[in-house]
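**Student:** Below you'll find the structure I mean.
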Amino acid sequence: MAGENKVLMPETKERESFFHRLFIGHGTSGSNLHSGGTTPSALDLGDIQGFILRGYRMPLVRHFLLTVSIPTEARKLLGRLVSGDESDAPQITTAEDWHVGFAPGPGDNPADVPRHKPDYCLNVGITWPGLVALEVKDRVPTLSFKSFGAFIAGAAERAELVNDTGPSAPENWIGGFGRGSDHVMVTLHAISPEAMTTYTDRLAASFAEGNAFREIWRIDGMAWTDTVDGKPTFCCKVPFGYTDGISMTTIRGGPERYTADHQQPCEPWLFVLRDEAENYFVPEPRELGLNGSFAVFKMIKTDVVGFENFLQSNKGKIDPELLAAKICGRWRNGVPLALSPETDIPAGGIPPAQLNDFEYVNPDGSGDPRGLRCPVGAHMRRINPRGQPVTGQGIPGGSNNTHRLVRRGMPYGPTYDPTQPYDGIERGLLGYFINSSIENQYEFVLGHWVNDSEFAGAVRLNPKSKDPMIGTQDPVESIFVIPQANGALPIKVTGFSTFVTTRAAAYCFLPSITAVKFISQL
């Protein structure tokens with residue numbers, strides 16, 4: 001079955017390098033590596049929160065939700081997190097040169113003395129109610145987020161736009177989310193349980209000091225494990241069993257290197273608030289807005305048992321593993337249908353560097369426009385249509401980059417054991433969808449591409465069709481159509497429920513280091 005020890009390449013050494021690349025860092029050998037071709041110094045990496053531009057690849061994460069108790073003390077504590085004094089408080093991680101344990105990126109100096117990977121990374125997001133509670137709105141008369149109405153409204157008010165309804169509706173969210181007391185998200189990544197305990201204790205003590213913040217909720221995520229060469233090893237699997245972390249968003253001038261593929265790199269203003277942006281004004285005052293970003297924090301419960309039962313219930317129509325691949329757009333071991341539509345173990349294997357190097361529709365209209373290899377309505381093709389003409393981009397082979405997202409997530413709950421499916425343990429995903437425009441990126445993708453049947457332009461999908469994996473479904477009308485070659489009738493699977501449920505959500509501003517200092521000095 002896909003996802004076990006069916007390797008993507010024939011050599012064990014190459015397989016090890018695949019997991020090394022996903023969890024430890026990306027290689028830099030070869031002339032086909034790029035980060036967009038512009039000068040990385042154009043981005044002020046030391047002023048930008050690190051996880052906007054870099055993947056930390058640490059196996060543990062803990063998210064804290066805080067509410068402001070005493071505003072002056074809360075602002076003072078935020079300043080301590082960017083003071084540069086690690087002995088006083090853990091410091092917010094920036095995107096500057098830290099190829100500590102990783103291969104160097106385009107702006108890093110490979111000749112530098114190798115350093116050790118940090119044992120933690122720290123990031124902070126602030127909601128609009130949080131900025132109000134910190135008294136930023138009262139103390140800064142020029143405060144303006146005029147291009148960012150969604151952020152001001154908040155995740156709960158905008159929930160219907162992304163189909164967070166029914167069980168996913170805000171009234172069902174846990175932990176105080178969407179009720180006005182969800183002020184600050186603090187996210188701690190750690191390299192080990194010991195480091196997680198150490199820095200959690202330090203943070204918790206600082207939250208309480210001077211009654212600055214009150215912690216109202218926390219949750220842990222951890223990379224799942226798989227058996228590699230007989231040993232439990234952290235892997236990049238998500239609850240439905242698919243290998244994750246393959247399709248990376250390349251940012252022009254960014255600090256990381258990714259293997260070149262068919263997609264154009266994204267402009268940095270799509271993820272970092274910058275003056276050259278085409279569709280927004282940087283928030284004012286500039287010391288607050290510049291080099292910041294926005295992120296949607298989400299906790300998403302996954303119905304793993306329901307998904308597996310659904311696959312098996314249709315085995316009379318289609319092989320369950322093939323159906324899983326058609327739903328996602330990749331086999332569960334990561335091999336894309338665009339490169340191998342018939343098997344997850346193509347002859348000769350596919351090197352990891354090529355797993356993301358494909359196109360759905362080429363500039364001349366060739367490729368897979370009808371979805372015979374990968375259905376047009378598959379999850380992966382909806383989330384990132386590449387050159388497919390879709391709503392928001394109608395040119396074959398064109399770029400859909402203006403709607404791209406950076407996703408930083410990790411599973412919660414233990415590794416799923418298919419031999420004990422009914423263990424009663426909740427599993428899902430935690431993390432952030434990072435973007436400069438929540439409206440044009442996160443909400444556009446969820447509202448139009450995921451939950452709309454007409455997202456694919458000239459390709460007519462069933463009017464009731466939505467993303468079969470993460471779309472909001474009604475079993476009475478849900479449908480997923482799998483086109484067949486040579487004029488054969490398409491395979492239609494119907495009657496399935498929603499496989500994901502939003503448990504919590506928050507629209508967060510990710511302030512720059514300069515902005516955190518600015519807030520702390522008000």
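**Student:** Does residue 171 meet the test of being assigned to a helix (DSSP H, G or I) and surrounded by fewer than 21 Cβ atoms within 10 Å (Cβ to Cβ)? Give the derivation first.
**Tutor:** On the way: assigned to a helix (DSSP H, G or I): yes; surrounded by fewer than 21 Cβ atoms within 10 Å (Cβ to Cβ): yes.
When the stated conditions are applied, residue 171 passes them.
**Student:** OK, next. Please list, ordered by residue number, the strands (runs of 3 or more DSSP E) wholly in segment 199-249 having 3 or more residues that are in contact with a Leu (Cβ under 9 Å, 6 or more places away or on another chain). Before the answer, list the steps.
**Tutor:** Details: elements: 213-222, 225-228, 231-234.
Ranges flagged: 213-222.
**Student:** Looking at residue 32, is it modelled with pLDDT of 50 or more and surrounded by fewer than 16 Cβ atoms within 10 Å (Cβ to Cβ)?
**Tutor:** Against the criterion (modelled with pLDDT of 50 or more and surrounded by fewer than 16 Cβ atoms within 10 Å (Cβ to Cβ)), residue 32 does not qualify.
**Student:** Across segment 372-402, which residue is modelled with the lowest pLDDT among those that are closer than 23 Å to residue 473 by Cα and in contact with a strand residue (DSSP E or B) (Cβ under 8 Å, 6 or more places away or on another chain)? Outline the logic, then answer.
**Tutor:** Step one: filter segment 372-402 for residues closer than 23 Å to residue 473 by Cα, giving 374-385, 390-391.
After this cut, where a residue has to be in contact with a strand residue (DSSP E or B) (Cβ under 8 Å, 6 or more places away or on another chain) as well, the list is 374-375, 377, 380, 385.
On the way: 374: 97, 375: 97, 377: 95, 380: 96, 385: 92.
Among those that are closer than 23 Å to residue 473 by Cα and in contact with a strand residue (DSSP E or B) (Cβ under 8 Å, 6 or more places away or on another chain), it is 385.
**Student:** Pairs, please: C-beta under 7 Å, at least 6 apart or cross-chain, first residue touching a residue at least 12 places away in the same chain (Cβ under 8 Å) and under 27 Å from residue 442 (Cβ atoms) and in segment 295-313, second buried (at least 19 other Cβ atoms within 10 Å of the Cβ) and charged (D, E, K, R)?
**Tutor:** 299/503; 300/503; 301/503; 302/427; 304/427
**Student:** So is residue 370 under 19 Å from residue 462 (Cβ atoms) and among the charged types (D, E, K, R) or not? Step through it out loud before you land on a result.
**Tutor:** Working: under 19 Å from residue 462 (Cβ atoms): yes; among the charged types (D, E, K, R): yes.
Yes: the conditions hold for residue 370.
**Student:** Taking segment 349-369 as the search range and keeping residues that are among the hydrophobic types (A, V, I, L, M, F, W, C) and at pLDDT 90 or above, which one is farthest from residue 248 (Cα to Cα)? Steps first, please.
**Tutor:** We begin by selecting, within segment 349-369, every residue among the hydrophobic types (A, V, I, L, M, F, W, C); these are 350, 353, 355, 358, 361.
Keeping just the survivors that are at pLDDT 90 or above gives 350, 355, 358, 361.
Numbers: 350: 17, 355: 11, 358: 13, 361: 19 Å.
Residue satisfying both the conditions and the ranking: 361.
**Student:** Hey, another quick one. Step by step: first the residues of segment 114-144, then only those that are modelled with pLDDT of 95 or more and basic (Lys, Arg), then the one that is nearest to residue 507 (Cα to Cα). Which residue is that?
**Tutor:** 137
**Student:** Can you spot a residue in segment 341-349 that is farther than 21 Å from residue 416 by Cα and among the β-branched types (Val, Ile, Thr)?
**Tutor:** Yes; the residues of segment 341-349 include at least one that is farther than 21 Å from residue 416 by Cα and among the β-branched types (Val, Ile, Thr).
**Student:** Could you tell me whether residue 425 is of a type in the set (Val, Ile, Thr), under 30 Å from residue 275 (Cβ atoms) and out of contact with any strand residue (DSSP E or B) (no Cβ under 9 Å at 6 or more places or on another chain)?
**Tutor:** Working: of a type in the set (Val, Ile, Thr): yes; under 30 Å from residue 275 (Cβ atoms): no; out of contact with any strand residue (DSSP E or B) (no Cβ under 9 Å at 6 or more places or on another chain): yes.
Spelling it out, it is not the case that residue 425 is of a type in the set (Val, Ile, Thr), under 30 Å from residue 275 (Cβ atoms) and out of contact with any strand residue (DSSP E or B) (no Cβ under 9 Å at 6 or more places or on another chain).
**Student:** Next question. Taking segment 426-453 as the search range and keeping residues that are assigned to a strand (DSSP E or B) and aromatic (Phe, Trp, Tyr), which one is surrounded by the fewest Cβ atoms within 10 Å (Cβ to Cβ)?
**Tutor:** Here is the first cut: in segment 426-453, the residues assigned to a strand (DSSP E or B) are 428-435.
Imposing the further condition that a residue be aromatic (Phe, Trp, Tyr) reduces the set to 432-433.
Details: 432: 27, 433: 21.
Among those that are assigned to a strand (DSSP E or B) and aromatic (Phe, Trp, Tyr), it is 433.
**Student:** Continuing with the same structure: Would you check which residues across segment 471-483 are buried (at least 23 other Cβ atoms within 10 Å of the Cβ) and either of a type in the set (D, E, K, R) or in contact with a strand residue (DSSP E or B) (Cβ under 7 Å, 6 or more places away or on another chain) (or both) and list them?
**Tutor:** Across segment 471-483, the qualifying residue is only 480.
**Student:** Within segment 465-485, count every residue that is over 16 Å from residue 448 (Cβ atoms), assigned to a loop (DSSP other than H, G, I, E, B) and either touching a Phe, Trp or Tyr at 6+ places or on another chain (Cβ under 8 Å) or of a type outside the set (Asp, Glu) (or both). Reasoning before the result, please.
**Tutor:** Taking segment 465-485 as the starting set, the residues that turn out to be over 16 Å from residue 448 (Cβ atoms) are 468-469, 473-485.
Imposing the further condition that a residue be assigned to a loop (DSSP other than H, G, I, E, B) reduces the set to 468-469, 473-478, 483-485.
So of that shortlist, the ones also either touching a Phe, Trp or Tyr at 6+ places or on another chain (Cβ under 8 Å) or of a type outside the set (Asp, Glu) (or both) come out as 468-469, 473, 475-476, 478, 483-485.
Total meeting the criteria: 9.
**Student:** A follow-up question, please. When segment 133-160 is examined, which residues are found to be crowded, with 17+ Cβ neighbours inside 10 Å and in a helix (DSSP H, G or I)?
**Tutor:** 133, 136, 150, 151, 159
**Student:** Taking residue 291 and the conditions (1) modelled with pLDDT of 95 or more; (2) touching a Phe, Trp or Tyr at 6+ places or on another chain (Cβ under 6 Å), which numbered condition does it fall short on, given that it satisfies the others?
**Tutor:** All conditions pass for residue 291, except number (2).
**Student:** For the structure I just gave you, tell me whether residue 413 is small (Gly, Ala, Ser) and free of Cβ contacts under 8 Å to residues at least 40 places away in the same chain.
**Tutor:** Numbers: small (Gly, Ala, Ser): yes; free of Cβ contacts under 8 Å to residues at least 40 places away in the same chain: no.
In short, no.
**Student:** Within the set of pairs 6 or more residues apart or between chains, which connect a residue that is closer than 20 Å to residue 337 by Cα and of a type in the set (Lys, Arg) inside segment 467-492 to a residue that is in a loop (DSSP other than H, G, I, E, B) and modelled with pLDDT of 95 or more with Cβ atoms less than 9 Å apart?
**Tutor:** That search, which allows pairs on different chains as well, returns 492/317.
**Student:** On to the next question. Of everything in segment 184-198 that's among the aliphatic types (A, V, I, L, M) and in a strand (DSSP E or B), which residue is surrounded by the fewest Cβ atoms within 10 Å (Cβ to Cβ)?
**Tutor:** Step one: filter segment 184-198 for residues among the aliphatic types (A, V, I, L, M), giving 184-186, 188, 190-191, 195-196.
Subset that is in a strand (DSSP E or B): 184-186, 188, 190.
On the way: 184: 26, 185: 23, 186: 21, 188: 24, 190: 25.
It comes out as 186.
The values are calculated or read from the model by the stated rules, or taken from the named source; none is laboratory data. Keep in mind that what you see is a predicted model, and the values were worked out from it rather than measured. Here Cβ is always computed from backbone atoms with ideal geometry, including for glycine, and neighbour counts include all displayed protein chains.
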